[in-house]
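A quick write-up on the structure given underneath.
Nothing in this text is a laboratory measurement; each read-out follows from the coordinates by a stated rule. The shown structure was predicted, so the numbers you read here are calculated from the model rather than taken from an experiment. Cβ sites come from the backbone with ideal geometry, for glycine too, and all protein chains shown count toward neighbours.
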Amino acid sequence: MGEGISNEQLFEFMTKMYGEMQEMRENMATKQDIVRLENKMDINHKALYDGYKLTYEKLTMLEEKVNEIDKKVEKQDVEIKVIKGAK
């Protein structure tokens with residue numbers, strides 16, 4: 001064979017390379033893993049969107065109530081001024 005590499009060294013090197021490749025293969029994500037993650041992300045995205053939608057609807061409802069109360073307070077303020085002015 002070559003001058004500096006013996007068969008035994010070559011065999012050890014190839015064995016080491018094979019072991020490293022097997023380890024890399026075990027650590028790689030499969031297509032099933034990716035699909036499973038995509039499905040989980042889709043479910044989480046839908047849940048987050050639903051939560052956002054509910055929060056937005058509740059905020060809109062609260063804004064409407066605050067506006068109604070504000071109108072009532074303004075009306076009562078005008079009525080108080082009229083009453084005080086009549087005295």
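Helix 7-27 sits at what angle to the longest principal axis of the chain, using alpha carbons and giving 0 to 90 degrees rounded to 10? In the chain, helix 7-27 runs at an angle near 20 degrees to the longest axis.
Within the straight-line cut-off of under 30 Å between alpha carbons, the lysines reachable from residue 81 are 65, 71, 72, sequence neighbours fewer than 8 places apart in one chain being disregarded. Taking label points 7 Å from Cα along the Cα-to-Cβ direction, residue 36 and residue 5 give a separation of 3.9 nm.
Three principal axis extents of the chain based on alpha-carbon atoms, in descending order, are 119, 27, 12 Å.
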